[in-house]
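The values are calculated or read from the model by the stated rules, or taken from the named source; none is laboratory data. This one's a predicted model, so the numbers in the text were calculated from it and none came from an experiment. Here the Cβ positions follow ideal geometry from the backbone for every residue, glycine too, while neighbour counts run over all protein chains shown.
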Amino acid sequence: MKGGEDMYKKPAIVIAVITILGTGLFLSRPVFADDTAIDPVSSLVQKLADRFGLNKSDVKAVFDEHKKEMVDKMQDKNEERLSQLVTEGKITVEQKTLILNKMKELQDRREASKDSFKDLSADERKAKMQEQKTALENWAKENGIDLKYLMPFGHKGFGRMPKAMN
């Protein structure tokens, strides 16, 4: 029966590692070092597949599923937060809609352009991010929205970059 127990230990270990490490990696930005983008998720997927003798695409599928679950939870919490702000009279229903649409637009733009940042120098990336920050600040001002309400976790961390990018 020991062989049967080992059969269940390997996937359990992999799932535990993916859950613990995957959340942090998926919710963090890519790391930039020496002006080259490193994809920490891809390298972790490969290491887990190699270490535990698993199919890389199966491991990647678990990561992708976990990422979607985490993003869905974050979106639900953000929608609840914005609804509470409407209830408190801090934003209007129209502003809530504008915020949700802007956040979707920003996420879509981030996904579409993530590879283009790889080819930029650290200074170019910094300038591009500053340009995007300024545009967002202008949008918020035009719509009478305090920028802190646009950020899912408040205003903390907006515009900050990993040390390697500064």
Checked against (1) closer than 24 Å to VAL71 by Cα; (2) modelled with pLDDT of 90 or more, GLY89 satisfies every condition except (1)
Determine if segment 19-36 includes at least one residue that is in contact with a strand residue (DSSP E or B) (Cβ under 6 Å, 6 or more places away or on another chain) and at pLDDT 90 or above. no
Which condition number does VAL71 fail, the rest of (1) at pLDDT 90 or above; (2) in a helix (DSSP H, G or I) being met? (1)
